[in-house]
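Structure record follows, encoded as structure tokens.
The values are calculated or read from the model by the stated rules, or taken from the named source; none is laboratory data. Note that this is a predicted model, so its numbers are computed, not measured. Positions of Cβ are generated from backbone atoms using ideal geometry, with glycine treated the same way; all protein chains shown enter the neighbour counts. When the accessible area is computed, the model is the full protein with side chains, heavy atoms only, and any ligands, DNA or RNA have been set aside. Shrake-Rupley method; radii C 1.70, N 1.55, O 1.52, S 1.80 Å.
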Amino acid sequence: YNGVATVDKKHQIIIDAQAFGEGQEHHTLQPVLETVKSRLNKLGIRKNIFKGRYKPIITADTGFANEANMEYLYSNKVDAYIPDNQFRSRDPKFQDQKTKYGKRHQTKPESQKRKVIPASEFNFDPVNMICICPTGNKISFRGERPDENGNPKAYFEGKLLQCRNCGIKDKCMKNPAAADHRKGAGRQVSFLLEHKREPNYTDWMKHRVDSDKGKQIYSHRMSVVEPVFGNITTNKRLNRFSLRGKQKVDAQWKLYCMVHNIEKLMNYGNIAVR
């Protein structure tokens, strides 16, 4: 973990949570913030950094966005701005980006997953809870239950004999052979029940990030966190750790962070922090 803090002209502390590693970093946000709070308390700087007149502003990238983290931030009244991975698609300023600059990762390797007819091709009636497959057959309703994010979904499954004798099962099912066995299963689809979904903590964060203030604050995130990695990896040439073992790597990383912080004190130590 690397936590980067800066102080702006209005004496607002801006903390950016950054975790090393790819994916599944959302569970590190709470430990990061609790560690910052605990350390400042032990140093006698402030008992609880998230309370008082000068509360810090927390920013983090989309890898930290999930419902549990949003609930933690809301419950603890933390002034945070953490966007979901669709936040730019809701911003009118970025509507023409793909047309102007093209899509990212144009040369992605072909996915090994079998491409099938998407659920959007099925005719779903949320009022009567009826689903009609692309061939016009009514498939069985399997009930409602929340998904991993707590959002209610309706689940449907194709009747075994219908899917077994269907002429497009090779295009519709990831495993067409599953319909050939008497204990197999037909095509399964699910649909989000938007009309039954209650507002959640992710909606609260979306409103904050999409606001003019949220856009202004998050736009500074790159200037807060990225120069740290640029300085340590390029100027200090720490492109990889030269030691092995958790304790040695931890000591080497803290040494580089200490040098980086000494430079910040030397260059910006005259800025008063109230």
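What to note about this one:
- Counting Lys and Arg as +1 and Asp and Glu as -1 over every other residue whose Cβ lies under 13 Å from the Cβ of Lys206, the net charge comes to -1.
- When the pairs Lys55/Lys206; Lys55/Lys213; Lys206/Lys254; Lys100/Lys171 are compared against a 26 Å limit on Cα-Cα distance, Lys206/Lys254; Lys100/Lys171 fall above it.
- Mean Cβ neighbour count within 10 Å, used as a protection proxy, ranking 141-150, 168-177, 255-264 highest first: 168-177, 255-264, 141-150
- Mean projected area of the Cα convex hull of segment 90-231, taken over all directions, amounts to 13.5 nm².
- Using the average count of surrounding beta-carbon atoms within 10 Å as a protection proxy, the listed peptides 65-74, 131-140 rank, highest first, as 65-74, 131-140.
- Relative packing of peptides 56-62, 234-240, 181-187 - highest average C-beta neighbours within 10 Å first: 56-62, 181-187, 234-240
- For segment 179-272: accessible area per residue (Å², 1.4 Å): 73 Å²
- FRET efficiency for Ala251 and Gln95, using Cβ-Cβ distance with R0 set to 45 Å, rounded to 0.05: 0.40
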